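What follows is calculated from the coordinates using simple rules that are stated; it is not laboratory data. Computed from a predicted structure; not experimentally measured. So basically every Cβ, Gly included, is an ideal-geometry build from the backbone, and we count neighbours across all protein chains shown.
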Amino acid sequence: MPGEKKHDLFLRTPLLDGGDPGLKREEIRRYFHSTYDRYESLFEVLTQDEAYCRKPIALRHPLIFYFGHTATFFINKLIIAKLVKQRIHPRFESMFAVGVDEMSWDDLSEAHCDWPAVAEVGAYRNEVRRVVDALISAMPLALPIGWNSPWWAILMGIEHERIHLETSSVLIRQHELRYVRPHPAWQHCTRSGVAPANELIEIAAGKLVLGKDRQALQYGWDNEFGRHETSVATFQASRFLVSNGEFLPFVQALAYANESFWEEEGLAWRKFSQAVHPTFWVRGGNSWRLRIMLEEIAMPWDWPVEVNFHEAQAFCNWKKEMTGQLVRLPTEDEWYRLHADAGLTETPGDSVTPANIHLDHYASSCPVNEFRHGRLHDVIGNVWQWTQTPIYPFDGFEVHPYYDDFTTPTYDTRHNLIKGGSWISCGNETLVSARFAFRRHFFQHAGFRYVVAQAPTLPASPIYETDKQLSEYAEFHYGDEFWGTPNFPKALAQLAIGAMGNRPAAQALDLGCATGRATFELARHFTHVTGIDFSARFIDLGVQLARLGVARYTVADEGELVSYRERKLKDLELEGARARVDFFQGDACNLKPHFSGYDLILAANLIDRLYSPSKFLQSVHERLNVGGLLLIASPYTWLAEHTPREDWVGGFKRDGENVTTLDGLKQVLTARFRLVQGPIDVAFVIRETRRKFQHSCSEVTIWERIV
């Protein structure tokens, strides 16, 4: 029968309260092991070890990375949470630490990693399983479990693995067929028929209050917390998700080749990819087939079409021209109105979900008319639904100290929210509060429904940033000048631009950019500037400014008294720089390979805060064009808490003689650089309160790469 359950229920994300800590401990243990088991069963579909080490697509790691990644994530987060003191396998916990967010469809990397044997990674996973299970047994447990509880790290690791259960399944779907095989735990739907005719359903206007508070009874990622209030006007929505059958006329009309239906970014992707139909469609003579996760099947025309945002948006533009109606993708807020109209609630943990979600039914999509939700179908489940809304923080957003870059790198207007979940979404992903976003060219188990309504507006920025350190740096970068000392990031940017002379000025890198003032200042001269900082919290402010042109924050006056600041790029004569900057979270000692080809690298107050400044200095030339400039500014405040004593570049005695940092810089850099300017002292002032200021001085040197 439709929606028939195929296997035992995959455990749901646990409630965080309860009367018996012992029972809750065992519930979490079962949740951990069921997730770990299910994840490993996914990789059992691979036919040979080679399947682990060959990339399914050029822009992602091979599957061996994802096999190891979720286990190393546990250890890395447990170390941050101080729940374990020693690493199990330092090489793995570095190699498998950082995944890939596709920056661009043409961001091809040929970097090669010496991946370990599959059996070796499997043994490592077994050891991690043992460590986590032992922690679950031994850790004190007080209920309810909150954001600040050490148990949050355990739940974070489990929910993270459930996310990668889904993302890894997409990569497996993109692998060559010779690398995959059917598996009893991953059986697809066998039901299909004629695609139903779609129609529009009117959705009433309504008010929304979104966002979790800290007393929420289920785990959430940082972007789910805070508050968002708004009103949504009446609109119409398609009853069904767009099916393969409904999408077919768009393909037959050769709309992929019609530039008028594509937005600028989407057209660039379409031209690069040479796409003429959805990526999972396979043409076989005069017929079509569909690539599902483990095989190709005859095209199920009543299943939802799976496309990226650009294809979904182009379809809406085409349909708008065909019908004369204001057809577009829904906003996130409008999706919540669909959810309310359908009368949906969270499914209890012991019940089969009345939707194709949580692996309750199939290991594939199913017909778009199989699961009815009030007047609509598939409000949740089957495939994720693209929205028009780039992800943004709710008011009161905070990063979690265990994972400060889970969401903040996506607050760049280039990652759009997907809602509703797919057939493999599970755990936190299935909750109505879930907020996941991907780059618009990204392929997920994602499709769309359309709405007819006026064009949406972008969400508003957060009201005021109140984090003390972040606010101090916001004021340091964008605020008032004190004691006659010029703005430090601006002064460094001016020095750099002056030193460039007639050199090429296409790309610049502001490394250790903090909140990004120098990034914007450099964009006065350079075609494009990238700002990178280790702190995702700092980058968020730069992203907000690039997107909206304004930042709001509080500054401490005395005690609990604060003042409010609003800084606008146009007031700093930097409005034109917004389109020429990008911000990313990154480690200066371990940058991704595609951060290269720069004409200038600015490293401001950075080297004495690195864990391995020599590693940075010895490799920085790889990021810089020959003839390009490297500007290093630092007060040389060497501290063992930031840099191990043996890794200091200077500031010590050797053989009874002083070794300054400038001496150390010359020793490391002169093989590939020549000093062209400096040393120069540049002062800076950081405001802490109305009556307390930190006055410092950086030494600036400018180096030209000669080989």
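Qualifying GluC sites (Glu not before Pro) in region 319-412, where qualification requires a DSSP coil assignment and no more than 11 other C-beta atoms within 10 Å, are lacking entirely. With R₀ set to 30 Å, the beta-carbon distance separating Ala58 from Glu263 gives a calculated FRET efficiency near 0.80.
Label sites at Gln469 and Thr345, each approximated as a point 7 angstrom past Cα along Cα to Cβ, lie 4.3 nm apart.
Averaging Cα coordinates gives a centre for region 248-269 and one for region 296-318; these two points are 12 Å apart.
Under the definition of Cα pairs under 8 Å and six or more residues apart, what whole-number percent is the relative contact order of region 591-706?
Result for region 591-706 is 29 percent.
Our summary of shape: the Cα atoms of region 302-369 have principal axis extents of 46, 26, 19 Å, ordered from largest down, in whole angstrom. Across region 359-370, computed HN-Hα scalar couplings (Karplus, 6.51 cos²θ - 1.76 cosθ + 1.60, θ = phi - 60°) run 6, 6, 10, 9, 9, 5, 5, 8, x, 6, 9, 7 Hz from first to last residue, x flagging Gly and Pro. As a length-normalised measure over Cα pairs under 8 Å and 6 or more apart, the relative contact order of region 479-613 settles at 30 percent. Assuming a ≥ b ≥ c are the square roots of the Cα gyration tensor eigenvalues, decide whether region 468-705 counts as rounded (a/c under 1.5), prolate (otherwise, with a/b larger than b/c) or oblate. In terms of gyration-tensor shape, oblate. Relative to the longest principal axis of the Cα atoms of the chain, the long axis of helix 309-323 lies at roughly 50 degrees. A crude spin-label estimate for the pair Thr323 and Arg645, with each label 7 Å from Cα along the Cβ direction, gives 7.2 nm. Residue by residue, region 45-52 carries 3J(HN,Hα) couplings of 6, 6, 8, 7, 4, 4, 5, 6 Hz when phi is fed to the Karplus relation 6.51 cos²θ - 1.76 cosθ + 1.60 (θ = phi - 60°); x denotes Gly or Pro. Taking amide hydrogens as placed 1.01 Å from N in the peptide plane, the amide H of His373 sits under 5 Å from those of Asp378, Val379, each at least 5 positions away in sequence or on another chain. Would you work out if the chain is rounded, prolate or oblate? Take a ≥ b ≥ c from the square roots of the eigenvalues of the alpha-carbon gyration tensor; rounded if a/c is under 1.5, else prolate when a/b is larger than b/c, oblate otherwise. Verdict is prolate for the chain. The amide H of Val659, built 1.01 Å from its N in the peptide plane, has Gly651, Phe652, Lys653, Arg654 as neighbours under 5 Å, considering only residues 5 or more places off or on other chains. Remark: relative contact order (the chain) = 11 percent; criterion is Cα-Cα distance under 8 angstrom and separation of 6 or more residues. The trypsin sites (Lys or Arg not before Pro) found in region 663-707 that occupy coil by DSSP, while having at most 13 further C-beta atoms within 10 Å, are Arg690, Arg691. In plain terms, the chain from Glu688 to Lys570 could stretch by 39.9 nm, reckoned as 0.36 nm per residue minus the Cα-Cα distance. Residues in region 612-619 carry Karplus couplings, in order, of 8, x, 5, 4, 5, 5, 6, 10 Hz; the curve used is 6.51 cos²θ - 1.76 cosθ + 1.60 with θ = phi - 60°, and Gly or Pro positions show x. You can think of it this way: the chain between Val626 and Asp587 has 11.7 nm of extra reach, that is 0.36 nm per residue less the Cα-Cα gap.
Counting every other Cβ atom within 10 Å of each residue's Cβ, Leu217, Leu15, Leu155 order from fewest to most as Leu217, Leu15, Leu155.
Treating r as the C-beta distance of Thr47 and Arg191 and R0 as 22 Å, the FRET efficiency rounds to 0.20. The GluC sites (Glu not before Pro) of region 571-676 meeting both criteria, a DSSP state outside H, G, I, E and B (loop) and at most 16 other C-beta atoms within 10 angstrom of the site's C-beta, are Glu573, Glu641.
Close amide H partners of Trp288, meaning residues 5 or more places away or on another chain with modelled amide H under 5 Å apart, are Met299. Considering only Pro90, Phe67, Ala556, the residue lying farthest towards the positive end of the dipole of the chain is Phe67, judged by Cα position with unit charges set on Cβ.
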